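So the structure is just underneath, and the comments pick up after that.
The values are calculated or read from the model by the stated rules, or taken from the named source; none is laboratory data. Small disclaimer: the values here were computed from a predicted structure and weren't measured. Ideal geometry is used to build each Cβ from the backbone, glycine not excepted, and the neighbour counts take in all protein chains shown.
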Amino acid sequence: MPRTLRAPALVLTAALCLAPVGMCVGEAVIEQELIHQAGFVQADTPGAPGAPPASAAVTALLGPDPDLNRVTTLRTRIARPGGAPPRVVLILMPGFLGGAASLEPLARELVDRFNGEMEVWVVDRRPNQLEDRLGTAAALATFPSAEPGNPTAFVDAVQFYFPDENNGDPAFPEDGDFDVDDDGVLDPPFTLTDGFGVERSAVRFAQDDLRFLAHWGLDTYARDWKLLVDEARARVGEQGLVLFGGHSMGTGWTARFAAYDFDPGPGVDASYTHLDGLLLLEGGGAGAPPAEPTSRDDYLASVADLASPGGPDVFLSQFSGIDIPSLGAAAELAGVAGFHRPDEPAVVQRTPIFGAFPLGIVLGSPSSNETVIGLFIDDDFSSVGAFRASVGFTSNGPNVIQPGLFGGPPFYLAAPATSDPLRLWQNIDDPGLPTCPPNDPAVSPGCALQDGQLEVTDMAEFLKLQFGSSNFVEWYFVDGRVDLDFSYGRDSSSLGDESLLAITQNANVDVPVLAIGGSNGLTPTPDSFADYLGSIATPAEDKEVVILDGYAHLDVGTATGNATVPVVADWVNRLLARKLGL
């Protein structure tokens with residue numbers, strides 16, 4: 001059986017120095033950089049020799065000669081004296097719809113903890129290159145110079161992504177219309193000048209613009225990440241540690257990557273042999289292969305369909321009725337406004353993505369910029385467990401408890417404010433956060449601090465994650481080819497063609513694994529990890545499970561004073577001591 005621990009959510013603030021890695025926090029400056037470098041050359045991808053030309057929409061965004069065979073990482077580190085390399089590199093994979101910024105706070109705290117002896121590289125998967133962030137740059141340029149209460153320039157940036165809409169009735173505005181700048185006029189789409197000197201509207205991709213995504217399956221991704229592993233090994237040397245991990249769905253990527261065979265012939269070059277450990281954060285790894293897996297002929301036919309104009313979707317356009325590319329743009333804008341003008345009325349509530357069904361129901365109360373994000377993401381108000389963090393509360397109005405959807409936990413629905421014009425947000429350090437253990441659904445406005453639920457993710461910091469050099473949401477999540485590859489679970493041997501997919505070494509994986517869940521998350525018990533841990537060859541003493549009390553799904557990557565950090569630090573220290581024979 002794996003070693004199982006239960007860790008309290010409150011962490012001692014005293015710095016610890018745990019040999020053999022110096023871990024006392026000093027005065028060094030943490031550096032973060034988004035690095036783009038050459039990735040695996042996938043033959044059908046724009047930029048590859050002989051590849052089909054990119055679509056007009058792609059060249060409108062990226063210029064006439066785009067090269068999308070790139071691998072991108074958000075690297076967090078502290079420069080060491082004399083340029084000395086780190087002793088540990090941890091490569092982390094974001095989860096479903098996650099950009100690299102979703103794990104930036106954890107990366108910062110880990111690097112700080114190790115005082116430069118560890119670097120953390122968070123992967124920004126290939127589709128993040130396709131995001132049109134011109135409007136976000138324009139929105140950022142309006143702050144902090146824009147006068148409070150006069151956010152005209154910011155509204156222009158919002159209208160770049162979300163022009164006014166009417167419901168087909170000639171009269172405007174009427175019910176169902178979206179008058180983003182609230183001027184009573186149906187304005188034309190807003191344009192901005194891009195880095196090529198072209199004045200244009202926002203680039204929004206249709207499925208046929210990105211048919212090359214039919215070839216961005218696990219093989220392409222894994223070969224990108226193998227380049228990172230090789231680079232990390234060269235950095236730390238054979239006596240250092242190269243660790244690979246992920247959050248949520250990222251643990252599924254991690255498990256499959258560890259089991260990948262990079263030798264397509266009769267030989268074996270197993271990915272796990274290049275790694276010193278696996279880290280699973282709030283995700284159970286990869287599941288068992290299906291009883292009736294897809295045959296090779298059917299697999300190839302599915303890929304051909306995905307690559308054909310008018311074929312099945314190659315990226316995820318909708319999730320639970322939410323338009324994902326629009327969500328990505330709106331999250332960045334809401335983050336910019338929420339960070340710089342937290343208590344002003346939320347302009348994004350006048351856009352279709354936040355003003356119409358289904359998000360218009362959850363975000364139906366007139367709210368501040370900060371509150372819009374809070375109602376969408378907070379564990380007390382979000383109906384989707386995968387999108388939950390503990391970021392505070394709003395109590396200046398009735399909160400009506402709702403039954404959980406599809407078996408999920410109950411959540412609050414915020415009604416209009418009773419005293420202020422807007423629902424306002426209370427951050428995690430607000431002494432007015434209401435408590436009422438045990439929770440009484442008959443009490444309104446309800447409570448933020450319920451039994452076993454803590455508020456640990458700082459809202460101001462969370463808002464910044466939406467619009468940095470990386471961002472929180474992956475706008476164009478590849479689902480067609482990835483779903484096909486993921487359907488084989490943790491073993492694709494039945495496909496019989498390692499040139500297509502080579503998840504064949506899972507049963508041989510024997511490296512240490514640390515699994516961390518949140519009691520208020522998607523992996524709340526040790527059993528959440530049991531299936532995957534039982535499928536690999538790692539000795540029982542090297543399988544560890546830790547459950548963080550009160551942590552929601554996103555908190556393990558975003559919490560301030562993150563309880564994940566000392567657990568990972570202790571694990572890393574023991575691995576390094578073992579490797580050095582200490």
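Could you tell me whether residue 523 is in a loop (DSSP other than H, G, I, E, B), among the hydroxyl-bearing types (Ser, Thr, Tyr) and surrounded by fewer than 24 Cβ atoms within 10 Å (Cβ to Cβ)?
So residue 523 fails the test.
So which residues in the stretch 328-361 are surrounded by fewer than 22 Cβ atoms within 10 Å (Cβ to Cβ), assigned to a helix (DSSP H, G or I) and out of contact with any helix residue (DSSP H, G or I) (no Cβ under 6 Å at 6 or more places or on another chain), if there are any at all?
Within the stretch 328-361, 340, 350, 352, 360, 361 qualify.
Under the condition of being hydroxyl-bearing (Ser, Thr, Tyr) and in contact with a Phe, Trp or Tyr (Cβ under 6 Å, 6 or more places away or on another chain), which residue from the stretch 383-430 is surrounded by the fewest Cβ atoms within 10 Å (Cβ to Cβ)?
383
Would you check which residues across the stretch 357-375 are without any contact (Cβ under 8 Å) to a residue 40 or more places away in the chain and either aromatic (Phe, Trp, Tyr) or out of contact with any Leu (no Cβ under 9 Å at 6 or more places or on another chain) (or both) and list them?
If the condition is that a residue be without any contact (Cβ under 8 Å) to a residue 40 or more places away in the chain and either aromatic (Phe, Trp, Tyr) or out of contact with any Leu (no Cβ under 9 Å at 6 or more places or on another chain) (or both), then 357, 358, 360 are the ones that fit.
Taking only pairs six or more apart or across chains, which ones have beta-carbon atoms under 9 Å, a first residue in the stretch 251-267 that is not assigned by TED's automatic domain parsing to the domain that holds residue 515, and a second residue that is surrounded by 18 or more Cβ atoms within 10 Å (Cβ to Cβ) and modelled with pLDDT under 95?
Partner pairs satisfying both residue conditions: none exist.
The rows are residues; the columns are (1) at pLDDT below 95; (2) within 22 Å of residue 258 (Cα to Cα); (3) assigned to a loop (DSSP other than H, G, I, E, B); (4) basic (Lys, Arg).
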position: 5; (1), (2), (3), (4): yes, no, no, no
position: 12; (1), (2), (3), (4): yes, no, yes, no
position: 52; (1), (2), (3), (4): no, no, yes, no
position: 57; (1), (2), (3), (4): no, no, no, no
position: 95; (1), (2), (3), (4): no, yes, yes, no
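If I filter the stretch 366-373 for residues that are in a helix (DSSP H, G or I), among the hydroxyl-bearing types (Ser, Thr, Tyr) and surrounded by 24 or more Cβ atoms within 10 Å (Cβ to Cβ), do I get at least one hit?
yes
I'm trying to understand the selection: among the residues of the stretch 296-327, which are assigned to a loop (DSSP other than H, G, I, E, B) and either among the basic types (Lys, Arg) or surrounded by fewer than 22 Cβ atoms within 10 Å (Cβ to Cβ) (or both)?
Residues satisfying the conditions are 308, 309, 310, 311, 312, 313, 316, 317, 320, 321.
Looking at 555, 542, can you tell me which residue is within 30 Å of residue 429 (Cα to Cα) and among the acidic types (Asp, Glu)?
555
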